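Report on the structure given below.
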Amino acid sequence: VTRLVLVLGDQLTPTLSALREGDRGRDLVVMAEVADEAGYVPHHPKKIALIFAAMRKFADELRDEGWQVAYTRLDDPENGGSIPSELLRRAEEAGASEVLVTTPGEWRLIDALKHTPLKTRFHADDRFICSGQEFRDWAEGRKALRMEYFYREMRRKTGLLMDGDKPEGGEWNYDSENRKPPPEGIERQRVMHFTPDETVEEVLDLVEDRFGDNFGTLRPFWFATERGQARRACSQFMREALPKFGDYQDAMMRGEHFLYHAVISLYMNLGLLDPLEVCRDAETEYREGRAPLNAVEGFIRQILGWREYVRGIYFLEGRDYTARNGLGHKRALPPLYWGAETRMRCLSEAVGQTRDEAYAHHIQRLMVTGNFALLAGVDPAEVHEWYLAVYADAYEWVEAPNTVGMSQFADGGVIASKPYVSSGNYINKMSDYCKGCDYVVSRKTGEGACPFNLLYWHFLDRHRDRFEGNPRMAQMYRTFDRMDADRRETVLKEAGAFLKRMDAGEVV
Ligand code: FAD
Ligand code: DLZ
Ligand code: SF4
């Protein structure tokens, strides 16, 4: 009898476990563009177009390889609107009662699939370097789950950048050589753009029609939508930008959206690029003398370390992770995150490029949009939904630990040992944003004072009980306590007034 093989929109890998388990002679692959997946958050139109176009092309690839594929387009009149309803419909049509599934990257969908009347066989998603069991074994009995130690295990396991049993060059981590402020005139070659073909154009029309009102600019659309293109984009990054990746990893420049970043998370997360292959290619650049160790180690750490680690945390911590609110933050997400006017240049740049590209790099996400939401005390569930919606690479397994944990400290410190908060000083050091801002970064209080400067102390003050005893934050509290009482009072009063104006809908 026929069985169904489900392939989800972010499972576009020929060696997917469910496909390996299936039999192309008798089983039926099910793929479906559905309203539920396209609508659980208001995804950026570029993200939806990327997924649908890549799904359509992958279905053709499978057919070429001899699979039978039942593909449902979003506008098919029969479309049941959700993954479970599409599975049921196809099961009835094909007379199947069993479905092979590669475990989805989100609890919501795992649970939905468990509750269909079909016999559902889950197979682990082994497109990752570390399995769920391996991560649980590593985490077992540890007090703190720090990424750095996990990363060293992964280096040993894969042999990446190892010199026998020692790390290449003698150190595990070269961040002390990285993260330089951007010099004048820094720029990077454009990331590789792909002209939409007929399949992509058709999807763009559909997305424009159905999701044109979502936050985000659909056209020009230039993403890779198939494996070969994604590989070419990645090779171009290795050649042109990897050597400087480490140096300018944290730099932010007006009008420069990508700098020396790879812009490959969107392709890796869909399954178009293999993370271990990407790491091995980067290592080759170092071994053959084309890229320095600090850059290559830093780059590999993001994938072999961070990416694998956050996935491990998401599944280890369980279903309630996205609802955590360790700091009790309740403020609504300000409209400026959806493109409403703001006088804060750093935020208008980060949000503006997010609207245009469905992309912002790590420091823009962590130290601009994330930092501001945390300082202002925004409800982490709203922050989480925003990040899940607006970035082309956002799926819950990777987005939630980064947002709820790393950025908003709402998991109570599972991921981060202290909250990532900073005053305007950090943003000024790492970017050219402040030069074009209505606020004055050096001003701590009074007319034109940078809101990050005010809110920074407001955050520390309102969470004193929680953080004063944290040795990594003691210095911040000492600085605050050394201010004279009047100044402290002024800072807190002005921060409160700023938040009030923002809540009232004034342009801030
Ligand atoms: P590069 O800077 O060139 O890094 C190379 C690769 O390393 C990336 O492609 C990515 O796969 C991996 N990587 C780097 N940092 C991380 C990280 N912290 N966690 C996981 N992988 C990492 N990344 C996502 O893939 N999806 C998300 O939804 C997502 N949400 C985020 C939300 C917040 C609040 C923060 C602070 C970070 C988030 N990240 C997310 C991590 C990171 O910002 C992106 O992976 C990165 O910006 C992608 O761009 P790039 O490919 O140019 O990465
Ligand atoms: C994100 C997404 C979107 C927008 N649309 C679809 C879709 O129509 N069909 C599909 O199979 N998958 C889609 N996805 C990806 C899923 O939401 C993703 O598989 C889960 O969130 C698990 O990571
Ligand atoms: Fe952002 Fe403050 Fe700099 Fe303006 S002055 S860009 S608000 S950090």
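Nothing in this text is a laboratory measurement; each read-out follows from the coordinates by a stated rule. Computed from a predicted structure; not experimentally measured. As a convention, Cβ positions derive from the backbone with ideal geometry for all residues, glycine included, and neighbour counts pool all protein chains shown.
Take the Cα of K166, step 7 Å toward its Cβ, do the same at E208, and the gap between the two points is 6.0 nm. Counting only Cβ charges, +1 for Lys and Arg and -1 for Asp and Glu, the dipole size of the chain around its Cα centre is about 1660 debye. Using the Cβ-Cβ distance between N425 and R63 with R0 set to 60 Å, the FRET efficiency works out to roughly 0.60.
Given 0.36 nm per residue, what is the gain on full extension from R121 to D75 after removing their alpha carbon distance, in nm?
Between R121 and D75, full extension yields 13.7 nm more.
Amide H contacts for T72 (H built 1.01 Å from N in the peptide plane; partners 5 or more residues away or on another chain; cut-off under 5 Å): M31, A32, E33.
Note on V440/D481: beta-carbon distance plugged into 1/(1 + (r/R0)^6) with R0 of 35 Å gives a FRET efficiency of 0.90.
Quick check: the angle from helix 485-503's long axis to the longest principal axis of the chain, C-alpha only, nearest 10 degrees? Approximately 40 degrees, to the nearest ten.
For the chain, what does the helix formula give at 222 nm: sum of -39500 (n - 2.57) over DSSP H segments with n ≥ 4, over the residue count, nearest 500 deg cm²/dmol? Working shown, then result.
On the way: 23 runs with 225 residues, N = 508.
So the calculated ellipticity at 222 nm is -13000 deg cm²/dmol.
The C-alpha atoms of the chain define a longest principal axis, and helix 308-317 lies at about 90 degrees to it. For the pair segment 353-413 and segment 237-265, the centres of their Cα atoms are 20 angstrom apart. Distance between the modelled labels on S235 and L333, one decimal in nanometres: 3.8 nm (7 Å Cα→Cβ projection).
Of H361, H115, how do they rank once you tally other Cβ atoms within 10 Å and put the fewest first?
Details: H361 21, H115 9.
With the fewest neighbours first, H361, H115 line up as H115, H361.
Tell me the angle of helix 147-158 to the major Cα principal axis of the chain, expressed in degrees between 0 and 90 and rounded to the nearest ten. Approximately 40 degrees, to the nearest ten. For segment 4-123, the extents of the C-alpha atoms along the principal axes are 37, 32, 28 Å, listed from largest to smallest.
For S85 and R20, the FRET efficiency from 1/(1 + (r/R0)^6), where r spans their Cβ atoms and R0 equals 25 Å, is about 0.45.
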